[in-house]
Amino acid sequence: MDITAQMVKELRDRTGAGMMDCKKALKECNGDIDSAIDMMRKAGQAKADKKSSRVAAEGVIDFLADKEKNNACLVEVNCETDFVAKDENFLNFVSKVSSLSLSNFTGNLDEFVSQKINDGKSLEELRLELVSKVGENVQIRRIKVIEGNNGHIGSYLHGKKIGVVICLSDKNEDLAKDIAMHIAAMKPIAIQEKDISKDIIDKERDIYLAQASESGKPKEIIEKMVDGKLKKFLNEVTLLSQQFVKDPDTSIGALLEKSNCEVLDFFRYEVGEGIDKKEENFAEEVMSQIKN
């Protein structure tokens, strides 16, 4: 059967694959477009399986809010290179993940990506198609939906590399943005000390104890040294104790008290954090923007 240019165009429009790949698939399927699509999807799955072991530490952080429902989401989608992270196909996929997260994400990522969406495909199927298009491993790494309830949601995005979403007890857009930017730069892990897990505190204490024990000082002195280091650590990683980046003479706790406001919740995502990759200090970039 002769493969016409119109047939190739239709298959390209429906799959986004290259012209030669479409022509080859049509020839192998004797001009049957639906069969060609099935064959290309299977081939895409095979290619994706081969790429799945490759490190995907680049990508983007996306934020989306629904003012009517008073909720918002942070999404991290990874790829292998910054080049693909700027690709239109990749960014369109990220936008789809974000929009679906607000309405469909319930906390289970595997269930979420397997749900059929409005075009009859699942996010996992769309991911596999994207892998075939861009030639890199692509992964939906994590999603967090935050409910505003009676609070006010604010956010800050540093390009597409760091994202922060915050919920304040009262509406104060300027304060929400300032604190979200502060969180992006200073990386607090909890609002206050009581929110930090015992495992984290015990781990830090063990490290400080091992360091102090090498000093050869008496036990009571070592205990005081460990307590001092632990107190310093907790001040550095709890939001309310941190010094506000725009005004180091004021703590975040004092800033909130002055505004008669509370931080109810916050989340901070940074592209590729926790994944072995080339180090890039985006937090320092945020700090430099705040100071300029």
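The values are calculated or read from the model by the stated rules, or taken from the named source; none is laboratory data. Please read these numbers as outputs of a predicted model, since none were measured by experiment. FYI the Cβ positions are ideal-geometry reconstructions off the backbone, even for glycines, and counts take in every protein chain you see. Keep in mind that these areas ignore ligands, DNA and RNA; they rest on the heavy atoms of the full protein, side chains included. Shrake-Rupley method; radii C 1.70, N 1.55, O 1.52, S 1.80 Å.
Are any residues in the stretch 180-207 surrounded by 19 or more Cβ atoms within 10 Å (Cβ to Cβ) and assigned to a helix (DSSP H, G or I), and if so, which ones?
Of everything in the stretch 180-207, those that are surrounded by 19 or more Cβ atoms within 10 Å (Cβ to Cβ) and assigned to a helix (DSSP H, G or I) turn out to be A180, M181, H182, I183, A184, A185, M186.
Can you give me the number of residues within the stretch 97-120 that are assigned to a loop (DSSP other than H, G, I, E, B) and within 16 Å of the chain's Cα centre (by Cα)?
Residues that pass the stated criteria total 3.
Within the stretch 128-149, identify whether any single residue is open to solvent by 20 Å² or more (accessible area, probe 1.4 Å), within 16 Å of S259 (Cβ to Cβ) and either modelled with pLDDT under 90 or in contact with a Gly (Cβ under 9 Å, 6 or more places away or on another chain) (or both), and answer yes or no.
no
Can you tell me which of T238, T250 is β-branched (V, I, T) and more than 28 Å from D62 (Cα to Cα)?
Exactly one residue qualifies, and that residue is T250.
Here's the yes/no breakdown for (1) small (G, A, S); (2) in contact (Cβ under 8 Å) with a residue 40 or more places away in the chain; (3) under 28 Å from I162 (Cα atoms):
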| residue | (1), (2), (3) |
| --- | --- |
| Q192 | no, yes, yes |
| I196 | no, yes, yes |
| E214 | no, no, no |
| F233 | no, no, yes |
| T238 | no, yes, yes |
| T250 | no, no, yes |
| V263 | no, yes, yes |
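Suppose the filter is of a type in the set (D, E) and in contact (Cβ under 8 Å) with a residue 24 or more places away in the chain; does E173 pass it?
So E173 does not fit the description; no.
What tally of residues in the stretch 228-239 results from selecting those that are surrounded by 13 or more Cβ atoms within 10 Å (Cβ to Cβ) and in a helix (DSSP H, G or I)?
Restricting attention to the stretch 228-239, the residues satisfying the condition of being surrounded by 13 or more Cβ atoms within 10 Å (Cβ to Cβ) are 229-230, 233-239.
With the extra rule that they be in a helix (DSSP H, G or I), the set shrinks to 229-230, 233-237, 239.
Qualifying residue count, the stretch 228-239: 8.
Quick one: would you say Q242 is farther than 21 Å from C73 by Cβ, in contact with a helix residue (DSSP H, G or I) (Cβ under 7 Å, 6 or more places away or on another chain) and surrounded by 20 or more Cβ atoms within 10 Å (Cβ to Cβ)?
yes
Could you say whether any residue in the stretch 181-190 is at pLDDT 95 or above, under 30 Å from V94 (Cα atoms), of a type in the set (V, I, T) and touching a Gly at 6+ places or on another chain (Cβ under 9 Å)?
For the stretch 181-190, residues at pLDDT 95 or above, under 30 Å from V94 (Cα atoms), of a type in the set (V, I, T) and touching a Gly at 6+ places or on another chain (Cβ under 9 Å): absent.
What residue, of K177, K171, is over 16 Å from the mean Cα position of the chain (by Cα) and in a helix (DSSP H, G or I)? Walk me through how you get there before you give the answer.
Values: K171 fails: in a helix (DSSP H, G or I).
Selected residue: K177, the only one of K177, K171 that is over 16 Å from the mean Cα position of the chain (by Cα) and in a helix (DSSP H, G or I).
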